[in-house]
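Remarks on the structure that follows.
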Amino acid sequence: MSEQATPQEGPAGGDSVVDSAAQTQKRIAGLEDSWRRTAAELENFRKRCAQDVVRAREQERTTVAARWLPVLDNLERALEHASSNPDQIVEGVRAVRDQALAVLRDLGYPRRDDETGKPFDPAHHEAVSTIAGDDLVPGTVAHVVRAGYGTDDRILRPASVVVATRGE
């Protein structure tokens with residue numbers, strides 16, 4: 001019988017092929033371990049990011065609520081003095097409204113009061129009605145029913161407006 005080289009043995013000897021295969025398996029195992037560790041780190045990172053978002057959202061809600069507390073306190077004071085002079089009550093309510101407007105302004109959503117006479121813009125206005133009149137310019141805001149809040153870039157609520165149309 002003649003001896004033939006087995007598939008594990010190479011021309012230079014069997015040990016080098018077996019060693020090479022063992023090294024390859026070891027390298028594959030190391031890469032798999034590294035991949036699993038990286039995948040676990042990524043999952044942990046995702047969880048931390050999700051927790052950070054929840055934490056930041058809760059902190060922002062707390063900050064906004066805290067800014068409204070003085071407004072609530074002043075409304076309660078106004079109710080305590082409801083039997084006082086009506087003019088003082090109206091003055092107090094106006095002061096509380098101004099305080100509430102300041103809170104919204106500080107949060108980045110100022111009141112938009114300059115709408116009357118401006119061209120109707122669906123990005124900033126919500127048309128709730130139309131009105132015809134000879135003294136009105138068609139396509140402009142004739143009356144603001146409910147004020148809008150926000151900047152040109154960030155609208156919290158569009159103004160509800162009556163839009164001027166052509167008289168017939």
*Restricting the search to the range 120-159, which residues are within 30 Å of residue 106 (Cβ to Cβ) and crowded, with 17+ Cβ neighbours inside 10 Å?*
120, 124, 125, 141, 144, 148, 149, 150, 158, 159
*asked:* Being at pLDDT below 95 and either among the small types (Gly, Ala, Ser) or surrounded by fewer than 10 Cβ atoms within 10 Å (Cβ to Cβ) (or both) is the requirement here; does residue 20 meet it?
replied: yes
*Six or more apart or on different chains, Cβ under 6 Å: which pairs go from a residue in the range 55-76 that's within 21 Å of residue 97 (Cα to Cα) to one that's of a type outside the set (Gly, Ala, Ser) and at pLDDT 90 or above? Could you list them?*
67/103; 71/99; 74/96; 75/96
*Answer from 15, 114, 98, 106 - the residue that is under 29 Å from the mean Cα position of the chain (by Cα) and at pLDDT below 80*: 114
*So which residues in the range 43-82 are β-branched (Val, Ile, Thr) and more than 16 Å from the chain's Cα centre (by Cα), if there are any at all?*
71
*Inspect the range 84-106 for any residue being among the hydroxyl-bearing types (Ser, Thr, Tyr) and closer than 29 Å to residue 149 by Cβ and give the result as yes or no.*
no
*Kindly indicate which of 79, 75 is modelled with pLDDT under 90, closer than 20 Å to residue 64 by Cβ and out of contact with any strand residue (DSSP E or B) (no Cβ under 8 Å at 6 or more places or on another chain).*
75
_Conditions (1) surrounded by fewer than 10 Cβ atoms within 10 Å (Cβ to Cβ); (2) in a helix (DSSP H, G or I); number of the one not met by residue 71_ = (1)
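The values are calculated or read from the model by the stated rules, or taken from the named source; none is laboratory data. As the structure is a computational prediction, the values presented were derived from the model and not from experiment. Neighbour counts run over all protein chains shown; Cβ positions are idealised from the backbone, glycine included.
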